[in-house]
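**Q** Supplied in structure tokens, the structure appears directly below.
The values are calculated or read from the model by the stated rules, or taken from the named source; none is laboratory data. From a predicted model like this one, the values you see are computed outputs, not experimental measurements. Ideal geometry is used to build each Cβ from the backbone, glycine not excepted, and the neighbour counts take in all protein chains shown.
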Amino acid sequence: MHRRKTYASLVVSIILAALPYGILPLMSFFGRWHFPALLPETWTFQHWGSFLHSQGAVGASFLLSLGIATCTATLASTGGLLLSRAVSYSSFRQGGLFFSLLPVTMSPVLFATILLFYFQVAGLAGTLAGVILAQMLIALPFAIIYFHSFWSERILRLEQLSATLGSTPVHTYRYIIWPVARPFLLVCFFQTFIISWLEYGLTSVIGTGQIQTLTLKVFLYIQESNPSMAALSATLLILPPAILLFWNRRFVFKEVSL
């Protein structure tokens with residue numbers, strides 16, 4: 001009896017967890033729909049058609065968000081690996097980690113409000129470069145914190161051994177550090193990509209509403225009481241993280257376990 005209750009609770013939990021991921025794609029096909037009706041009066045493929053043919057603003061926002069997240073994740077992962085080495089091997093390691101934690105623990109909206117004045121003076125407010133730089137100020141410290149434990153005593157001895165055998169710093173990174181760090185870089189890329197992809201506070205404040213990412217589109221359509229387009233945008237918003245999660249579990253975690 002106890003096992004049946006446990007099994008039933010597990011099934012109900014799975015259904016409740018998966019329910020939003022089934023409802024959102026379904027709502028993106030809604031035509032005319034008025035609350036409290038459970039189903040719409042009409043169904044339409046118009047929303048997806050405009051996205052697939054790149055005729056709507058959602059397609060442009062999707063590509064814009066994809067470009068911003070990819071650029072931010074690439075720069076943050078690479079820079080985090082290099083900067084974390086300096087932090088981990090320095091005498092100010094604890095101080096470096098403390099200052100790296102500050103942007104991560106602060107509210108993105110509050111952090112963006114503090115930075116907005118400086119971005120306006122630099123002429124970066126409302127620009128694509130400004131949004132990427134602002135997101136880097138959160139993603140890069142996260143990457144430094146993630147990688148700081150990678151630079152262990154074992155890695156240091158590998159570097160020293162390669163230097164003793166005549167290896168240059170470039171060859172050491174290419175043939176020794178990179179093969180070891182590759183799976184960790186991929187996981188960090190995944191994490192920082194998610195941070196950038198789902199970021200709303202920094203993008204809305206620093207972008208001043210001119211950089212219309214997919215996350216901003218979701219809230220815009222909700223404010224406009226357009227549930228079908230909001231559901232379409234939200235569906236697109238969960239696709240890349242789901243694909244990256246599957247890819248990480250299928251390849252990266254397997255490589256790390258080896």
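**Q** Counting only residues that are in a helix (DSSP H, G or I), of a type in the set (Ser, Thr, Tyr), surrounded by fewer than 17 Cβ atoms within 10 Å (Cβ to Cβ) and over 24 Å from the mean Cα position of the chain (by Cα), how many does region 77-115 have?
**A** Residues in region 77-115 being in a helix (DSSP H, G or I), of a type in the set (Ser, Thr, Tyr), surrounded by fewer than 17 Cβ atoms within 10 Å (Cβ to Cβ) and over 24 Å from the mean Cα position of the chain (by Cα): 0 in total.
**Q** For a quick check of your reading of the model, give me the residue pairs whose first member lies in region 138-161 and is within 16 Å of Ser90 (Cα to Cα), whose second is aromatic (Phe, Trp, Tyr) and not in a helix (DSSP H, G or I), with beta-carbon atoms closer than 8 Å and at least 6 apart or on different chains.
**A** Filtered contacts from region 138-161: Trp151/Tyr89; Leu156/Tyr89.
**Q** With respect to Ser149, determine if the residue is assigned to a loop (DSSP other than H, G, I, E, B), surrounded by fewer than 16 Cβ atoms within 10 Å (Cβ to Cβ) and among the hydroxyl-bearing types (Ser, Thr, Tyr). Quick ask: steps written out before the conclusion?
**A** Working: assigned to a loop (DSSP other than H, G, I, E, B): yes; surrounded by fewer than 16 Cβ atoms within 10 Å (Cβ to Cβ): yes; among the hydroxyl-bearing types (Ser, Thr, Tyr): yes.
Against the criterion (assigned to a loop (DSSP other than H, G, I, E, B), surrounded by fewer than 16 Cβ atoms within 10 Å (Cβ to Cβ) and among the hydroxyl-bearing types (Ser, Thr, Tyr)), Ser149 qualifies.
Conditions tested, residue by residue: (1) farther than 13 Å from Ile23 by Cα; (2) among the basic types (Lys, Arg); (3) in contact with a Gly (Cβ under 9 Å, 6 or more places away or on another chain).
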residue	(1), (2), (3)
Gln210	yes, no, yes
Leu216	yes, no, yes
Tyr221	yes, no, no
Ala230	no, no, no
Ala234	no, no, no
Leu239	yes, no, no
Ala242	yes, no, no
Leu245	yes, no, no
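**Q** Sticking with this one: Restricting attention to region 205-240, which residues are in contact with a helix residue (DSSP H, G or I) (Cβ under 7 Å, 6 or more places away or on another chain), of a type outside the set (A, V, I, L, M) and outside any helix (DSSP H, G or I)?
**A** If the condition is that a residue be in contact with a helix residue (DSSP H, G or I) (Cβ under 7 Å, 6 or more places away or on another chain), of a type outside the set (A, V, I, L, M) and outside any helix (DSSP H, G or I), then Gly207, Gln212, Thr213 are the ones that fit.
**Q** Same structure, new question: Can you tell me which residues in region 212-234 are within 13 Å of Ile68 (Cβ to Cβ) and surrounded by fewer than 22 Cβ atoms within 10 Å (Cβ to Cβ)?
**A** The initial filter retains those residues of region 212-234 that are within 13 Å of Ile68 (Cβ to Cβ), namely 212-216.
Across region 212-234, the qualifying residues are Gln212, Thr215, Leu216.
**Q** Inside region 116-133, can you point out the residues that are out of contact with any Leu (no Cβ under 7 Å at 6 or more places or on another chain) and either buried (at least 16 other Cβ atoms within 10 Å of the Cβ) or of a type outside the set (A, V, I, L, M, F, W, C) (or both)? First the steps, then the outcome.
**A** Step one: list which residues in region 116-133 are out of contact with any Leu (no Cβ under 7 Å at 6 or more places or on another chain), which gives 116-123, 126-129, 131-132.
Result: Leu116, Tyr118, Phe119, Gln120, Gly123, Gly126, Thr127, Val131, Ile132.
**Q** Keeping to region 158-204, report how many residues are outside any helix (DSSP H, G or I) and not small (Gly, Ala, Ser). Spell out the reasoning first.
**A** Let us first name the residues in region 158-204 that are outside any helix (DSSP H, G or I), namely 165-168, 198-200.
Now narrow it down to the ones that are not small (Gly, Ala, Ser): 165, 168, 198-200.
Going through region 158-204 one residue at a time, the tally reaches 5.
**Q** Just to be sure before I move on: is Phe219 within 30 Å of Ser90 (Cα to Cα), modelled with pLDDT of 80 or more and within 24 Å of the chain's Cα centre (by Cα) in the structure I sent? Reasoning before the result, please.
**A** Numbers: within 30 Å of Ser90 (Cα to Cα): no; modelled with pLDDT of 80 or more: yes; within 24 Å of the chain's Cα centre (by Cα): yes.
Taking the combined requirement at face value, the residue does not satisfy it.
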